[in-house]
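Everything on this sheet refers to the single structure shown next.
Here, each number is a calculation from the coordinates, and none is a lab measurement. All values reported here derive from a predicted model rather than from experimental measurement. Don't worry about glycine lacking a Cβ; one is built from the backbone with ideal geometry, like all the others, and counts go over all protein chains shown.
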Amino acid sequence: MLFLAAQQPAAVRRTSPGDSFERAKQLAWLNNWAEASRVLARLQRSGRLELDERNRTLARAVEIRGNIESLSLPSAAGELDRLLATEAARDDQNLRLQILAMKGDVEFQYDLAAAEKTWREVERLAGDIGNSGWEARAGGELGCIAFLNGQAFTALKKVSASLIRAEAYNDVAEKMKRLTALGEGLAEFGRPADALRFFDRALALSSEQPDAYFPFTAYLGKARLLLERGSNEGRSMLVKGLADARRQNQKVRESRILIVLGDDAVRVSNTKDALKWFSTAVEVARSTGLGRIEAEAGSKLASVLVQRGELDQAAERARASVAAAEKSGDLYHLPLDLAALAEIEVSRGDFRAAGAAYDKATQLVRSLFEDLPNARHESTVVATMGRVFQDYFKFAIDTLHNPNKAFEILESARARGLVDRIRLSQAAGQAETERRDPAMMRLVAVLNR
């Protein structure tokens, strides 16, 4: 890289003192893509950025990744794909590795199958060229994808292993991402206290390393859990986060905050605000190709419409959410979306459509068991997916008056785990889960230190 020695005209905006191409690459490694892109833009405007083809290709990729919140995700992934086809990316394996990782990041937001394929290529290529840092990062990303594919046990192993390797390499950005991922998983499985500790650790690392990316997911996860406790701090965090996201045109963040605000409105029985927040989240997510977020917001919106008695609109919205979840590849949450659709169809009196949705949901949940090594882990998934089986069971008994069908549902759910979930209180249920799965709880305890 060459820097122009001549003094630039006063009209040209000057760079910051520390701006350089190496600085931009360092920020990119820390996942601070937005600032890396800004550094490159300042260098280019000042005339101090003169790059060969290899670094021009990298700079363009960083620019795309740094502005991803305001771009169409499929279009961004397509442009990164075109960069991968350039001679520079074909000849330079390290460059190829970095662009692949950016592409995998983008695809994760809207197409899990594509993201998994890309991250497997990152993992393979990193192993081939001996880049242990990227190999570890790829393992962590594949763990997060495994979770959304319903492979909870595989996800825990991969994400935990990635965190341990990140600790060994002192990879700050990766540590923040994996702490956040574990926090999200714990929150999903009903362990908010442990989840908060992981979120706080990620946020503390961010404070210690201001050059690294800001772990927004940890920030949002903490705000959500605090809101569920009725804390004003959680609301303040969301209000500030929403204002920042809108000011910076960060669509992913905006849509995710809107969903949490909608959840809080539901919690306090404010259906008017809930309708507003969820509707806006759907619109924002759809406009930028955020299929998983659209599915989540749409399913919640459908529930609010049911409360308002607008059943036909609710069914339409729920079907759109199922379609968005299927398209994005979110197999973990898809059964819950299908169960929500089935419940609406029951309310509408369309029992055939309800039965079809419940059947598909339970088939998907059964497929989740294939990844689990023993009954202890099966009961964890049954507990999380309990609503699917409980509602289907109730439908078979109360609506269809079909005890044989009800028995089949119990069998498919591994009746013992489902019955435990029904009978025990939430606190007792958590204790039971811990007793059955001490290995998982020991791992959480170790990582929580």
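In terms of modelled amide H atoms, which long-range or inter-chain residues lie less than 5 Å from the amide H of Glu50?
Leu2
Starting from the Cα gyration tensor of segment 21-60, multiply each eigenvalue by 5, take the square root, and state the resulting semi-axes largest first in whole Å.
For segment 21-60, the ellipsoid semi-axes come out as 16, 12, 7 Å.
Specify which residue in the list Gln98, Asn32, Leu73 is farthest towards the positive end of the charge dipole of segment 20-108, using unit charges on the beta carbon of Lys, Arg (+1) and Asp, Glu (-1), about the Cα centre.
Positive-end residue among those listed: Asn32.
Between segment 256-316 and segment 225-241, how far is it from one alpha carbon centroid to the other, in angstrom?
19
Net charge near Ala325: determine it from the other residues with C-beta under 10 Å of the C-beta of Ala325, scoring Lys and Arg +1 and Asp and Glu -1.
Around Ala325, the surrounding residues sum to -3.
Kirkwood hydrodynamic radius, segment 63-145, all distinct C-alpha pairs: what's the number in Å?
12.7
Bin by bin, in steps of 5 Å, what percent of the Cα pairs in segment 190-324 do you find, going until the bin that has the longest distance?
2, 11, 18, 20, 20, 15, 9, 3, 1, 1, 0
Greater than 31 Å separation of Cα atoms is the criterion. Which listed pairs, Lys222/Lys251; Lys175/Lys360; Lys177/Lys327; Lys157/Lys240; Lys251/Lys272; Lys300/Lys394, meet it?
Result: Lys175/Lys360; Lys157/Lys240 exceed 31 Å.
I want the local charge near Pro192. Using Cβ-Cβ distances under 9 Å, sum +1 for each Lys or Arg and -1 for each Asp or Glu among the other residues.
Taking every Cβ under 9 Å from that of Pro192, the sum is 0.
Once Rh for segment 296-355 is found with the Kirkwood sum over Cα pairs, what is the Stokes-Einstein diffusion coefficient at 10 °C and 1.306 mPa s, in µm²/s?
Rounded to a whole number, D works out at 143 µm²/s.
Under a point-charge model restricted to the Cβ atoms of Lys and Arg (+1) and Asp and Glu (-1), what is the dipole moment magnitude of segment 20-108 relative to its Cα centre, in debye to the nearest 20?
Value, rounded to 20: 280 debye.
Sorted from largest down, what three extents in whole angstroms do the Cα atoms of segment 20-108 have along their principal axes?
Cα spread of segment 20-108 along its principal axes, largest to smallest: 32, 30, 20 Å.
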